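The values are calculated or read from the model by the stated rules, or taken from the named source; none is laboratory data. Remember, predicted model here, so these are calculated numbers, not experimental data. Cβ coordinates were reconstructed from backbone atoms using ideal geometry, including for glycine residues, and neighbour counts include every protein chain displayed. Accessible surface is based on the protein model in full, side chains and every heavy atom, while ligands, DNA and RNA are left aside. Shrake-Rupley method; radii C 1.70, N 1.55, O 1.52, S 1.80 Å.
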Amino acid sequence: MALTNKGDKWERQNSLYLIMSFIPFLNAFCFMYMYDRTKHKPWRILMWITIAVSTVTIALFSTLNSYAYTEIASEGYNNINEAPSINDFATQDYIDSFKNENGSYKEEWYETEEYKAYEKADAEYNKQKETDDENNAELQKAKKANERFQNSVKTSRTIFSAVFLLYNLFAFVYLLLQRGKFLQMYSGRIDTMMLQERLNNR
């Protein structure tokens, strides 16, 4: 049933804009078309709101995507694999030559270059191990902070996606419901313009 005095064919031709009503980022053109044909200001406002929603969504997703896959690349700190052994610096026979009968070491052993080199290497190992442990603790903190941040990014993306889809669903339903009003206003505007033209031609 025709909604205007223009007939079904005219109404179908002037309803083609609704094809874009269910396409996000393009539905703003529907409001632009409706306003352009009728000069109905609420549709102009909705056009700008739709453009703003689409622009903000693109900007937010671009920003969030730049953080979405940020990872802590380091596997950890382990600069020294094994603790130094005294046998790395002296043979067992040489070491045993400094033992007393009761199994303890003579004072001369602690003054040898081999023992001093071992002692120095052992101190460096312990110092490096302590540094590695501190660095690994900081790394674990960074990984946990990064994990929390990634979860917040995913949550934000989910929320923005839901809001964007809900708005586009609203826009789609609203445009369908406003079709009749648009056609009647557009038809009336055409009739008014034609009447004005005839009056001007007299």
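A few notes on this one:
- Of all the listed residues (ASP122, ASP132), the sole one being out of contact with any Phe, Trp or Tyr (no Cβ under 8 Å at 6 or more places or on another chain) and within 26 Å of GLU82 (Cα to Cα) is ASP122.
- Identity of the residue in the range 1-57, among the aliphatic types (A, V, I, L, M) and touching a residue at least 24 places away in the same chain (Cβ under 8 Å), that ends up most open to solvent (accessible area, probe 1.4 Å): LEU3
- Boolean, ARG179 is at pLDDT 85 or above and over 25 Å from the mean Cα position of the chain (by Cα): yes
- Qualifying residues in the range 11-49 (those that are outside any helix (DSSP H, G or I) and not hydrophobic (A, V, I, L, M, F, W, C)) - the one modelled with the lowest pLDDT: PRO24
- Within the range 102-123, considering residues that are touching a residue at least 12 places away in the same chain (Cβ under 8 Å) and of a type in the set (Asp, Glu), the one farthest from GLN92 (Cα to Cα): ASP122
- VAL173 being among the β-branched types (Val, Ile, Thr), within 30 Å of LYS41 (Cα to Cα) and either touching a residue at least 12 places away in the same chain (Cβ under 8 Å) or assigned to a helix (DSSP H, G or I) (or both): yes
- One residue from PHE164, PHE149 being within 21 Å of LEU26 (Cβ to Cβ), touching a Ser or Thr at 6+ places or on another chain (Cβ under 8 Å) and of a type outside the set (Ser, Thr, Tyr): PHE164
- Qualifying residue in the range 78-85 (condition: open to solvent by less than 90 Å² (accessible area, probe 1.4 Å), in a helix (DSSP H, G or I) and modelled with pLDDT of 85 or more): no
- Among the residues of the range 110-137, the one identified as loosely packed, with under 12 Cβ neighbours inside 10 Å, over 26 Å from ASP96 (Cβ atoms) and either at pLDDT 90 or above or basic (Lys, Arg) (or both) is LYS127.
- Of all the listed residues (SER156, SER187, SER152, SER161), the sole one being assigned to a helix (DSSP H, G or I), of a type in the set (S, T, N, Q), open to solvent by less than 70 Å² (accessible area, probe 1.4 Å) and in contact with an Asp or Glu (Cβ under 9 Å, 6 or more places away or on another chain) is SER187.
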